[in-house]
Each structure stands twice: as C-alpha cells, then as structure tokens.
Amino acid sequence: MKIKKRKKSSRMHGKGMGTHGTGSRKKSKKSGHHGGVGMAGTGKRADHKKSLILKLYGHGYFGKQGITSRGTKRDKRKKMNLNAIEENIETLLKKGIAKKSKDGFEIILKDYKILGDGEVKEKLFIKAKEASKSAIEKVKEAGGEIILNHKKKE
C-alpha cells in the first residue's frame, strides 16, 4: 500500500502528456474555448476587448513599458524657453508669476531651468533655479538679469 502519492503534475511527464490527465487542453482552461485568463484570446476577431481595456485602464496599457538601464535617468526638471516666457508674459502677469516694474518685468520661476531658445526684446529679471549659458547671455544683452537660487559647486 502506498503511503505517499505523488501529485499528478509530477507523474504525468511522458509523450503526449501535455494535458496532465484532464483530457483535451481546452477543458483545463478557463472561459471556454477562448484560452486562459486576461487578454488571452484577443486575436484576429477579438478587437472588441481592446476598447474595453482602453476604457478601464487608459491608453498606457498596450505597447512597451519596459525597463531602461539604470544609468539612463529621465530628466524630470521643469524647463522653460525664453521665447515661451516672452510670448506668455500676459498670462504670467494674470497668474501673479510676473510683475511689471519700472525697468521691465520681474518673473519668479523658482523650480524652473531657463533655456535659451528664442529672442529677448523686453528687459526681463528672472528668478530661477537654473539657467543655460545662452539664456543668461541673451537676457543680459537685452538689459535684464537671471538670478539663480543656488549655484552648483564647482
């Protein structure tokens, strides 16, 4: 008499035993003939599931989300170009980010890095976290100044 009986999955190994004694393969799967669980069975004629998934989980579900190497970190700093500041100066005034002074405009962008794309016509006095060399030069040429919160240790 056997005392310990091995599990069926460990016994069923030989040729043609892909089913482990459950009969046909589709009998052991869930949800009928459609395959396994989740997105299984969303083949040729099952595009209707895609719209459901997009509705539930949003547009980040399909496609590659993979892992990048640890060396490549994404630059998460907030950045703004000089031309964007110049174009949107009225909205900045409305929001209270910018103030009109005698000399020109005082703009406070604490968390931003100022980039030098575009031309500067107005006198701008910008308080920012960081700025590129070209941005600093262009603002100085126009008669303004960029004041940085903290300077990097050299």
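Any read-out appearing in this document is the output of simple, stated calculations on the displayed coordinates, not a laboratory observation. Since we're looking at a predicted model, the values are computed, not measured.
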Checklist entry - Does Glu90 satisfy being under 16 Å from Asn149 (Cα atoms), more than 28 Å from the chain's Cα centre (by Cα) and among the charged types (D, E, K, R)? => result no
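Conditions (1) of a type in the set (A, V, I, L, M, F, W, C); (2) over 32 Å from the mean Cα position of the chain (by Cα), marked per residue:
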| residue | (1), (2) |
| --- | --- |
| Lys99 | no, yes |
| Asp103 | no, yes |
| Gly116 | no, no |
| Ile126 | yes, no |
| Ala131 | yes, no |
| Gly143 | no, yes |
